[in-house]
Amino acid sequence: RRGLRVGPKMDILLHSTWDVRTGRVVEWILFLIHNERIFHLHVGAPCTTFSIARHPKDRSRDCPLGKDPTKPAILDGNVMLLRTMLMLFAIKLVGKGQKRPWSRGTHEHPASAFSWHIPSVIRLFDAEGCGRVTISYCDFGAPVRKNTTLGFIYAMFVERFRGRTCKG
């Protein structure tokens, strides 16, 4: 109704076609980013192995990529996360030097996830035009308090949510 074109929800849980572990999916998304066909890309790689609640712990703040990165579940988590970071990095590169970059991107993971301690993730979201904002789902009507961090690339509108965390 408003003239916006919305692409498909690309989720591996919906269909295996959207598996970012396959090079063709990543290649296609990078092509769309390079040709400025994506206005906003929101990613959230599966975070099961990055969770602080996982027992036994396969990761830590000191070893965010995993204590045994060859373990299949750890390897899958790393591949999916780092490929989604590649997509966001592409948005950063395409927009570099532009006064108002066309594409924007966000990444969502629990605020306590070990993924936020990976050096390349830290560098990406600490760069100019990027950042991190922590929010609580309960502040948006959810029945639970789940603190989530949104990393963003040129998506400055996310800043308005800064500080929206529930008490207690």
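When DSSP assigns beta bridges and you keep just the ones with both residues in the chain, what percent turn out antiparallel, to the nearest 5?
75 percent
Order the peptides 44-50, 101-107, 13-19 from the highest to the lowest mean number of other Cβ atoms within 10 Å of their residues.
Order by mean packing, descending: 101-107, 44-50, 13-19.
Work out the FRET efficiency for ARG54 and PHE31 from their Cβ-Cβ distance, taking R0 = 30 Å, and round it to the nearest 0.05.
So, using R0 = 30 Å, E works out to roughly 0.30.
What nm distance separates the two modelled labels at THR70 and TRP18, each placed 7 Å from Cα along Cα→Cβ?
Output for this residue pair reads 3.4 nm.
Divide, for the stretch 9-168, the radius of gyration over alpha carbons by 2.2 N^0.38 Å, where N is the residue count.
Compared with the compact-globule rule of thumb, the stretch 9-168 sits at 1.05.
Rounded, prolate or oblate: which fits the stretch 96-168, taking a ≥ b ≥ c as square roots of the Cα gyration tensor eigenvalues, rounded meaning a/c under 1.5, else prolate when a/b beats b/c?
On the way: a/c = 2.91, a/b = 1.58, b/c = 1.84.
Verdict is oblate for the stretch 96-168.
Quick note: the coordinates plus some simple rules give every number you see, no bench work behind them. As the structure is a computational prediction, the values presented were derived from the model and not from experiment. Positions of Cβ are backbone-derived with ideal geometry, glycine not excepted, and every protein chain shown enters the neighbour counts.
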